[in-house]
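Scroll down for the structure; my scribbles are underneath it.
Nothing in this text is a laboratory measurement; each read-out follows from the coordinates by a stated rule. As the structure is a prediction and not an experimental result, all values here were calculated from the model. Cβ coordinates were reconstructed from backbone atoms using ideal geometry, including for glycine residues, and neighbour counts include every protein chain displayed.
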Amino acid sequence: MIKLSSALQKDIQLLSAHRRDRGDIGRDIAAYCRADRDSLIASGRASRHFDRLVDWSLSKPEEAVDLQNGRIIYSFRQLADAVRWGLEELKRCSPLHSGAYRKSWTLYIDGTPYVGNIDDISDGSEVWIVNTMPYARKIEVGGQRVSIPPRVTDRVARAVKRRFGGVTVWSAFKDISDGTDARGGYLPYILRGRGVASGITWSRKTGWTRLHRPYRTRRKDRQAGQPMRYPALVLGRRF
């Protein structure tokens, strides 16, 4: 938020005392605030997508700000930038074999599939970036040996936090009830048999190793007929 500072207000009072034209003062204030805004954007500290409020109005230009107690507010849409960057990072970190896993990162807003423009995502939304392939959970938890370490969404969540301080982000497993995956399969995928504890694990020091032989798990959510829960990166704007 850019508010008329006390120093700027003193300048306004001096200009007014010298009977300078109100329009000239308004144009100077507008130029000052826009320069400050553009500097923040150029430095990478603010998004290039923003909403402008002048004295709490979306329609007033900066030049029309109240010269006594006015406010010019630029509300930067950081969530949209974080979603865009997080989506690209998830794709970059994905194993590339057939390409289906990489293509299956899908946007959901407030639990509903979203195919619109990322720039139009409002800061009040909760966004899920979900991988919808049937084997996505295995890759996420390390139950399937692939070319990348497990916990893809955990790693990207940490990277998003470092890059976008005004956004809350975490990894989770989500229930999906609508849409299709990259191969055309309906969502959610229904487990056809009991889940298998693979017995393999990964560490930075040793890579992939085996802890025990595979066995059929007794977990209720991993039994035949149960809907799969999908790995997701969850993002929301901090206010």
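For residue 56 and residue 21, what is the calculated FRET efficiency with R₀ set at 30 Å and r taken between the beta-carbons, to the nearest 0.05? Walk me through the intermediate numbers first.
Working: r = 25 Å, r/R0 = 0.84.
Rounded to the nearest 0.05, the efficiency is 0.75.
Quote to one decimal, in nm, the extra length available between residue 212 and residue 112 on full extension: 0.36 nm per residue of separation minus the C-alpha distance between them.
This chain segment gains 32.1 nm when fully extended.
If contacts are Cα pairs under 8 angstrom and at least 6 residues apart, what is the relative contact order of the stretch 13-142 in percent?
Rounded, it is 18 percent for the stretch 13-142.
Pick out which of 189, 215, 74 has the largest mean-square fluctuation in a Gaussian network model of the chain, springs linking Cα atoms closer than 10 Å.
Looking only at 189, 215, 74, the biggest GNM fluctuation is shown by 215.
Applying the Karplus parametrisation 6.51 cos²θ - 1.76 cosθ + 1.60 with θ = phi - 60° to the phi angles of the stretch 33-47, what ³J(HN,Hα) value in whole Hz is obtained for each residue in order, glycine and proline being reported as x?
5, 5, 5, 5, 4, 5, 5, 4, 5, 4, 7, x, 7, 9, 6
Kindly write out, for the stretch 143-151 in residue order, the coupling ³J(HN,Hα) from the Karplus curve 6.51 cos²θ - 1.76 cosθ + 1.60 (θ = phi - 60°), rounded to whole Hz, with x marking Gly and Pro.
x, 9, 6, 9, 7, 10, x, x, 6
Suppose every K and R has +1 on its Cβ and every D and E has -1 on its Cβ; what is the size of the dipole of the chain about the Cα centre, in Debye to the nearest 20?
About 2000 debye.
Show me the trypsin sites (Lys or Arg not before Pro) within the stretch 183-239 that DSSP assigns to loop and that have at most 12 other Cβ atoms within 10 Å of their Cβ.
183, 192, 204, 205, 218, 219, 238
What residues qualify as long-range amide H neighbours of residue 142, i.e. H under 5 Å apart, gap of 5 or more or another chain, H built at 1.01 Å from N?
It is 151, by chain and number.
Suppose only helical runs count, i.e. DSSP H with n ≥ 4. What mean residue ellipticity at 222 nm does that imply for the chain under -39500 (n - 2.57) per run, divided by all residues and rounded to the nearest 500 deg cm²/dmol?
-9000 deg cm²/dmol
Measuring from centroid to centroid over Cα atoms, what is the spacing of the stretch 121-145 and the stretch 29-60 in Å?
Measuring centre to centre over Cα atoms gives 34 Å.
Given R₀ = 25 Å, FRET efficiency for residue 144-residue 186 by Cβ-Cβ distance, to 0.05? All intermediate terms of the calculation are to be shown ahead of the outcome.
Details: r = 22 Å, r/R0 = 0.87.
Between residue 144 and residue 186 the formula returns 0.70.
If you line up the long axis of helix 6-17 against the longest principal axis of the chain, both from Cα atoms, how many degrees apart are they, to the nearest 10?
Between helix and principal axis, roughly 30 degrees.
Which distance in nm do the two modelled labels at residue 173 and residue 200 give, with both placed 7 Å along the Cα-to-Cβ direction?
If labels sit at residue 173 and residue 200, their model points lie 1.9 nm apart.
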